[in-house]
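The values are calculated or read from the model by the stated rules, or taken from the named source; none is laboratory data. Model, not experiment: these values are computed from the prediction. So basically every Cβ, Gly included, is an ideal-geometry build from the backbone, and we count neighbours across all protein chains shown.
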């Protein structure tokens, strides 16, 4: 089940997508996916040989070295690794916010060169606008959607807040919300865009343990369900427990300059019990890669 | 015609810098004594901290004529003149540095205090081995940030003493600038300005910065790197602090808060005004008994003369008030977009910050003769000087305010495909709001200080270089020139009353509202 790949491992795309983006029969790799077993599209997100270097005072500082990974249809993928290894940089490259030094990121076959409206993001520190109410914060995400009228945006945002469990908090300012509720607004804001890919940057690490645990329990079914627009979720996290609880696939990065030291497909059935012995076995697998 | 020599300019600079230096030394001595006392003694704290607050919020420059009259009455010689210049610079540095020492000593970790309370450690050793080292980084930091303000006071006071021949400063870069200007020697004038700029740059970027790096080792707690290394961030946190204390919102310990709340109650207001009036009365009496020929009235003014003078003072206050606010409007229109625009672009920010810092440290009064040469419209000259005195506070605060926000906030724009117009309306402008308000408070305060130079400017003889129709700065300057102590006192007191009331009634509310609504804290 576990594929450990060395530094020089290189992902070779197994399927070349046709330009019309039609579903193609796909031979799953060794780690057969537990969630989506049979008919698969090509990777929703395809990260190919990404390298990143910072230039600081004439020194070249390598951050990411030849990182490749994919997120398949309906997959919840986590990127984990030691702190400061460049996980968040990788996520921002996938989002189109940062430019990689070399390599490409593809979304359903097309290269990502700038932020796309099909890709939404949830931030570690929520990044809500303190001067806007919860509802207005969600509506803010819909600003660029000219096809909706102001009333439609309001309706959509209200529904989204209800969806994440914040009914009745529409007119509350973020300053008056707890951390967990703020992140719920963050999730609602991202979901309001009806994205196909959701990126999450340490979404639970600003929350206390109890709040984070509760939110984690809800988040998977909130994101991946038959009525959801989301095709794939990519989460950056340094918390192994959280990674095992949520992910279908875990990409483990090394210290700087980061490369992929392992890719783990977690086949535990959902809902996952954090106290089960199996859960610990999976956690150990990831810890052994991190060590 | 070159009547100047670079050596003389250098000599003038040396004079000015010596004054600054003495004022700085005095400020540091004062701050150590008073700051440590306030931090370690509850009763002293309850008196000192609110007093410092008041001192910080009044336009010191307005008091200068009174100070100089008083000092010369006691020491009627060149030393007296120099002393009053130094005293004025001292007042622009001391309160701020004292606050720094007070906070530094107050925030010494408790373990250290307990250690120092061991039986064989005497209070002198406690002061030299704990309190003073703990204060060093804040002293340096506050010196760095208030130096430009000190320079403004230096130039202004050197210039202001020129009005009357009985007490003039004979050497100093401010004197040189004005002398060249009034002799129409624009080459000399330009050289003086350039020399001043060079001195500022060397002092700012060589000495103060080295000094600041050296003082780092005296810190108990490491600040985040960004804050420590970015001079603008230092400036900003100082600014915010200063403007907050200006609003009497200072509340570092419960004792102080308790005192402040009672202090500003109505009946205490009366009590303190009685004390102030008594002090003025005593000053009058002293002046009369010395019978000096420098304009002290020999008898107590009548109620009628007080009322008619006050009427004029209020009219001129109204003029100045309107003047400051319309210039402020222009400052906002220029300063806010400039500040936000520069901060959004990292390259622009890194490149322009030192340039803006240097330009901003040129005291506006030094540029007045050149401005007056271009236009003879007194109103326009005044507006330009006030503008130059205000704009940087707004630009720097907005810049630092934007830079202190997390990068993620600016990623929002890309992630959610927000248009430029909407990004300014929904992200940048609200994000800059709190910094903008604290910048505005300090800017308006600074504007009142520039008035005394901006509204009426006389070098020698009887024709002023520039003057406005009416204004409190003009009233003060004229009263000083004519030795009219009654007008002078009433003008200064009324201006102070207006500023303090305005701070309490308007700014305080605006500040509370913006921090509540627009402060960015996750």
*Mind telling me which of the residues B:324, B:356 ends up being over 24 Å from residue B:182 (Cα atoms), away from chain A (no Cβ under 14 Å), free of Cβ contacts under 8 Å to residues at least 60 places away in the same chain and part of a helix (DSSP H, G or I)?*
B:356
*For residue A:221, indicate whether it is at pLDDT below 90 and assigned to a helix (DSSP H, G or I).*
yes
_Can you name every one of the helices (runs of 4 or more DSSP H) wholly within the stretch B:446-522 that holds 1 or more residues which are within 14 Å of chain A (Cβ to nearest Cβ) and over 24 Å from the mean Cα position of the chain (by Cα)?_
B:508-518
*Please go through the stretch B:81-130 and pick out each residue that is more than 20 Å from residue B:39 (Cβ to Cβ) and exposed (fewer than 12 other Cβ atoms within 10 Å of the Cβ).*
B:119, B:120
*Among the residues of the stretch B:364-422, how many are within 14 Å of another protein chain (Cβ to nearest Cβ) and under 22 Å from the mean Cα position of the chain (by Cα)?*
1
_Given the options B:415, B:421, B:381, B:374, name the one that is touching a strand residue (DSSP E or B) at 6+ places or on another chain (Cβ under 7 Å) and free of Cβ contacts under 8 Å to residues at least 60 places away in the same chain._
B:415
_Being farther than 26 Å from residue A:196 by Cα, assigned to a strand (DSSP E or B) and at pLDDT 90 or above narrows it down to one residue among A:250, A:233, A:261; which is it?_
A:261
*Is at least one residue of the stretch A:129-144 more than 29 Å from residue B:433 (Cβ to Cβ) and either touching a residue at least 40 places away in the same chain (Cβ under 8 Å) or more than 10 Å from chain B (Cβ to nearest Cβ) (or both)?*
no
*Might you check whether a residue that is more than 19 Å from the chain's Cα centre (by Cα) and buried (at least 23 other Cβ atoms within 10 Å of the Cβ) occurs anywhere in the stretch A:114-135?*
yes
*Flag for residue A:102 being surrounded by fewer than 21 Cβ atoms within 10 Å (Cβ to Cβ) and more than 11 Å from chain B (Cβ to nearest Cβ)*: yes
*Could you tell me which residue of the stretch B:424-442 is farthest from the other protein chains (Cβ to nearest Cβ), considering only residues that are within 21 Å of residue A:142 (Cα to Cα) and in contact (Cβ under 8 Å) with a residue 12 or more places away in the chain?*
B:424
*Does residue A:107 fit the bill of being in contact (Cβ under 8 Å) with a residue 40 or more places away in the chain and more than 11 Å from every other protein chain (Cβ to nearest Cβ)?*
yes
_Out of B:38, B:44, I need the residue that is free of Cβ contacts under 8 Å to residues at least 24 places away in the same chain and more than 19 Å from the chain's Cα centre (by Cα). Which one?_
B:44
*All positions within the stretch A:110-128 that are more than 11 Å from every other protein chain (Cβ to nearest Cβ) and touching a strand residue (DSSP E or B) at 6+ places or on another chain (Cβ under 6 Å)*: A:111, A:112
*asked:* For the stretch B:69-100, give me each residue that is in contact (Cβ under 8 Å) with a residue 24 or more places away in the chain and not in a helix (DSSP H, G or I).
replied: B:76
_Just the residues that are part of a helix (DSSP H, G or I) and surrounded by fewer than 20 Cβ atoms within 10 Å (Cβ to Cβ), please, taken from the stretch B:180-190._
B:182, B:186, B:187, B:190
*Select, from B:156, B:146, B:135, the only residue that is in contact with a helix residue (DSSP H, G or I) (Cβ under 9 Å, 6 or more places away or on another chain), modelled with pLDDT under 80 and assigned to a helix (DSSP H, G or I).*
B:146
